[in-house]
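Enquirer: Take this structure first; my questions come after.
Derivation of every value follows stated rules applied to the coordinates shown; laboratory data play no part. This structure is a prediction, so every number in the text was calculated from the model and none was measured. Heads up, the Cβs are rebuilt from the backbone with ideal geometry, glycines too, and the neighbour counts pull from every protein chain shown.
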There are 2 protein chains.
Amino acid sequence: MKHLLLIFSAIILFQPLRAQDKDSLMSTQLFGEALNSNVAYQQLFQLCSIAPGRLAGTPESAIAIDFMFNLMKSMPFDTVYKQPCMVRKWIRGNEEEAWFTTDGDNKTNINIDVLGGSVPTPEKGILAPVIVFSSIEEMQKANPATIKGKIVYFNRPMNQNYYITFRAYGENASMRVYGADEASKFGAIAVVVRSLNTATDTFPHTGIMRYKTSDVRIPGFAVSTADADVLDKAIAENPGLKIYLKCSCIEYAQVQSYNVIGEIKGSVFPARYISVGGHLDSWFNSSGAHDDGGGCIQSLEVARLFFVLGYKPQNTIRVVMFIDEEMEQRGGRAYANNAIANGEKHVFALESDRGVTTPTGFSIDASESVLQKMELWKKYFEAYGIRVFEKGGSGVDVGFLKQAGVPLAGLVTESQRYFEFHHSANDTWQNVNRREMQLGSAAMALLIYLVDQHGLDK
Amino acid sequence: MKHLLLIFSAIILFQPLRAQDKDSLMSTQLFGEALNSNVAYQQLFQLCSIAPGRLAGTPESAIAIDFMFNLMKSMPFDTVYKQPCMVRKWIRGNEEEAWFTTDGDNKTNINIDVLGGSVPTPEKGILAPVIVFSSIEEMQKANPATIKGKIVYFNRPMNQNYYITFRAYGENASMRVYGADEASKFGAIAVVVRSLNTATDTFPHTGIMRYKTSDVRIPGFAVSTADADVLDKAIAENPGLKIYLKCSCIEYAQVQSYNVIGEIKGSVFPARYISVGGHLDSWFNSSGAHDDGGGCIQSLEVARLFFVLGYKPQNTIRVVMFIDEEMEQRGGRAYANNAIANGEKHVFALESDRGVTTPTGFSIDASESVLQKMELWKKYFEAYGIRVFEKGGSGVDVGFLKQAGVPLAGLVTESQRYFEFHHSANDTWQNVNRREMQLGSAAMALLIYLVDQHGLDK
């Protein structure tokens, strides 16, 4: 009986696996290896430790680029190289100083960060009364005389009603990005924005601001949500209070920076490319663990999983660490421009840049037929809670490949905690969970594997 | 035109809502109110701050019971009362001391907690060589002479392969619960268990142990996963090393404790009951934020949401803070025994005791027809990521109502992080996310509302 069983098992084991069984086995292997490994999580620890505040163009970003280049070089990629691009070099300078006073003598410090790309204040800072608005539109309807010479405080909390917190972020971000540009037209001398944070705490959350249409450039700041609450109460009691703001950021001439790319040459279609990546830069105030060190390391982990499992991709796989997503997306642009200029055939590109919490699915920016094909693969993901394959945006960096008609996708993750970390000093390795991140790594690897095996044509 | 529009709107607004629209509206209102409110999150902070380590029978549990009683009294419940039951009074005593030595002189301290219900070591502690097993079964196959006089170290990490971490916990928990009882039969003098933790860190994770079949009672301990790794390496290099263990726990005579219950009297069926609860007790080493202070506060939040939204339930709603889940479940037993003795008709009972991370669904312990009816309600939950309604266990405390044929359910939450907190000092309020917890509160309230409105009969 025992011998019969062995023979029977052998028959099963050595039968050529059907494609579906193979894919199912690969799913189990990828998730198994990812969930058992500590390698990626420790790599993220190293990146966050040695190169926090790695905004494009800064010395910290150069450290991060070297780190990733050397890390990739230590792995069995066929090629590792840096892809040059010019980036802004905007430096935060000294830490900001900010307080308010109701009587001119007593000062209440508030936690504030300068917004990315801001001009500096005068060296002695700015001390001025404040006027509060809940949107750019509300400000535009106000009497300009009430704004002139004042600090405009855009004070709208994120809408907590939405399940997907990105939706609330999308609604509020314009005040941070364009608030100063618009307020300067009304004679405002600085702008303070309530941090885009779903929690009430003392971390300011920075982010890009843009000077677009105004002739006058005024500085912009983000105040923490807890300090915003304190400020609101003080303003309600003393509408005439004054805020003091000081920052010393400097914009230098542009400098050369790099995407870092590792390639696994395709065994069947070496001239067809599948890209997977995240962005290596992070804000000055942050170790960039969720945004987006984690996405970079997940992308690298896709390759490591393939190496460990001995999977030889048919198409060339490119792991891309994009630079400069936070400021001008020069890395993403350079990557797409190069691909188009070189006539590269891109089969697919995937990005992880929504925080490395538990993955829930993929957001797919591609034709209906691609979406339908991917949906057929859901069965390989569902056992790991990855259930939502939906039409939507992919990622800012891979998004530039859209002009070349490349099917794109982004990893979608559970978003409740993300905006407590995003663009702040609270975005730490300690706030990344190893298993959550690794579920995302495996999901990405599995999707890349399926595209590599089956393509995206009908 | 404007007037016509107003009239048209008025017609729509004042049409009686169909049941489905009403339920849909209730879903939006419950999630909206929950996600916008900070009340429950602050209540959890208070509970964790004033009554950490609130194991049944301890002074800390008495503080927690008073806190919940007074909190409920401050809300518009129709009745708030304590339901008595007798509980064990096992006290941890002084913090444990543990180290190992390879030469008898140099000592390496290890982070260890005594297991719940353990006997104490002799006052001078235990110093003995160690023998390692990966399961009770493996130990039972060993030569008893190799075990006698030694400390048995059950060293099996949690299986990381499973998506649902509770599965790995289920596989390993028997070593913690029955390891000492079994090892004592082979002459072991103490047991150390690798903590049931999916992360590698220095927090020991305790939990119940039981003396069941052996005449000799030996103490049991949990060592942190990081210290277990250190210990493993030391044992590999020095198999003869000795471990020192000391604990001073005491078992007193049983004492009276209480469930705390708040009732909202049913407006149509006052003698029909729907119960919702969590367990108020926590381990001695923990502030019990996820396990299960969060589940208690979510249950209370169900009532608060009903109060705030002005919802008057048809059935009587009971919010139950069960005592003694961690040791002997005397609270859950007492609640069910009382319900049966009093001939109470329980329509439904729901528990939250899987950590208050993002909810993913409900585990339903009821007939097929109940399951089918609940599945029809999924549409009201899916917009909030709550998608899995599956047959399975409910909760330990409400589980005792099963003998009375009561349909039961448990809130299912995302499990990746839970066992990093569970039964350890790492289970803190800081590790609970407000939005994640509140999604669970709203999901529970919505399910209770739907049962209250539509019942669970076919």
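Enquirer: Can you name the helices of chain B, as whole DSSP H runs, whose Cα span along the helix axis is 24 Å or more and whose Kyte-Doolittle mean is not below 0.0?
Expert: Membrane-span-like by this rule: B:434-454.
Enquirer: Here is a further query. What is the fewest-to-most order of A:M374, A:M86 by other Cβ atoms lying within 10 Å of their Cβ?
Expert: A:M86, A:M374
Enquirer: Here's something else I'd like to know. Where does the protein assembly as shown land on Rg/Rh, using Cα atoms and the Kirkwood Rh?
Expert: A ratio of 0.99.
Enquirer: Something else: For segment A:251-266, take each phi angle, set θ = phi - 60°, evaluate the Karplus expression 6.51 cos²θ - 1.76 cosθ + 1.60, and give the result in whole Hz per residue in order, putting x for glycine and proline.
Expert: So the J values, rounded to whole Hz, are 9, 9, 5, 4, 10, 7, 9, 8, 7, 10, 10, x, 10, 10, 5, x.
Enquirer: Using DSSP, restrict attention to beta bridges with both residues in chain B and report what percent are antiparallel, rounded to the nearest 5.
Expert: Counting DSSP beta bridges with both partners in chain B, the antiparallel share is about 50 percent.
Enquirer: With respect to the cross-link table entries A:K402/B:K378; A:K402/A:K458; A:K345/A:K378; A:K458/B:K379, which display a Cα-Cα separation exceeding 30 Å?
Expert: Over 30 Å Cα-Cα: A:K402/B:K378; A:K458/B:K379.
Enquirer: Classify segment A:96-248 as rounded, prolate or oblate from the Cα gyration tensor: take a ≥ b ≥ c as the square roots of its eigenvalues, call it rounded if a/c is under 1.5, otherwise prolate when a/b beats b/c and oblate if not.
Expert: Rounded shape, in that the Cα axes give a/c under 1.5.
Enquirer: Antiparallel versus total DSSP beta bridges in the protein assembly as shown: what percent is that, nearest 5?
Expert: So the antiparallel bridges in the protein assembly as shown amount to around 50 percent.
Enquirer: Would you please give the FRET efficiency between A:K391 and B:E137, computed as 1/(1 + (r/R0)^6) with r the Cβ-Cβ distance and R0 = 56 Å, to the nearest 0.05?
Expert: Step by step, r from the Cβ atoms, then E = 0.65.
Enquirer: How far is B:G392 from itself in the other copies, in nm, if each label sits 7 Å out from Cα along the Cα-Cβ line, shortest first?
Expert: Distances between equivalent label points, in nm: 2.4.
Enquirer: For peptide B:157-170, how many partner chain Cβ atoms fall within 10 Å of a residue's Cβ, on average?
Expert: That average works out to 3.
Enquirer: Right, here's the next one. By how many nm would the segment from B:S367 to B:A145 grow when fully extended, if each residue of separation counts as 0.36 nm and the alpha-carbon distance is taken off?
Expert: Stretched fully, the B:S367-B:A145 segment lengthens by 74.8 nm.
Enquirer: Which value, in debye to the nearest 20, gives the size of the charge dipole of chain A about its Cα centre, when Lys and Arg are +1 and Asp and Glu are -1 at the Cβ?
Expert: Dipole magnitude for chain A comes out near 920 debye.
Enquirer: How would you rank B:I147, A:I297, going from fewest to most other Cβ atoms within 10 Å of each one's own Cβ?
Expert: B:I147, A:I297
Enquirer: Same structure, new question: For segment B:94-248, what is the charge dipole size about the Cα centre, in debye to the nearest 20, if Lys and Arg each add +1 at the Cβ and Asp and Glu each add -1 at the Cβ?
Expert: Approximately 440 debye in magnitude.
Enquirer: Which of the lysines could a cross-linker bridge to A:K242, judged by Cα under 26 Å and excluding same-chain residues fewer than eight apart?
Expert: Within reach: A:K107, A:K124, A:K141, A:K148, A:K150, A:K185, A:K233.
Enquirer: Enumerate the amide H contacts of B:G266 below 5 Å, restricted to partners 5 or more residues apart or on another chain; note that Pro and chain-start residues carry no placed amide H.
Expert: Here B:T316, B:I317 satisfy the definition.
Enquirer: Under a plain spin-label model, where a point goes 7 Å from the Cα along Cα-to-Cβ, how far apart in nm are A:S74 and A:N338?
Expert: Output for this residue pair reads 2.3 nm.
Enquirer: Moving on. Hey, with R₀ at 22 Å, roughly what FRET efficiency would A:E97 and A:Y252 work out to, going by the Cβ-Cβ distance, to 0.05?
Expert: Efficiency, from the Cβ-Cβ distance: 0.50.
Enquirer: Ignore the peptide's own chain and count Cβ atoms of other chains within 10 Å of each Cβ in A:410-420; give me the average, rounded.
Expert: 3
Enquirer: Test of understanding: ordering B:H422, B:H205 by Cβ neighbours within 10 Å, fewest first, what list do you get?
Expert: With the fewest neighbours first, B:H422, B:H205 line up as B:H422, B:H205.
Enquirer: Could I ask something else about it? Have a look at A:L196, A:A19, A:H279 and report the one farthest towards the positive end of the charge dipole of the protein assembly as shown, computed about the Cα centre with Cβ charges (Lys/Arg +1, Asp/Glu -1).
Expert: Value computed over the given set: A:A19.
Enquirer: Shape verdict for chain A, please, from the Cα gyration tensor: rounded (a/c under 1.5), prolate (a/b greater than b/c) or oblate.
Expert: Judged from the Cα gyration tensor, chain A comes out prolate (a/c at least 1.5, a/b above b/c).
Enquirer: Compare the Cα positions of B:F421, B:L305, B:A62 along the charge dipole of chain B (+1 at Cβ of Lys, Arg; -1 at Cβ of Asp, Glu; about the Cα centre) and return the one farthest towards the positive end.
Expert: About the Cα centre, the residue reaching furthest to the positive side is B:L305.
Enquirer: Give me a single rounded figure for B:380-392: the average over its residues of other chain Cβ atoms within 10 Å of their Cβ.
Expert: Counting Cβ atoms of other protein chains within 10 Å of each residue's Cβ and averaging gives 2.
Enquirer: Now, a different point. How high is the relative contact order of chain A, in percent, counting Cα pairs under 8 Å that sit 6 or more residues apart?
Expert: About 21 percent, as a whole number.
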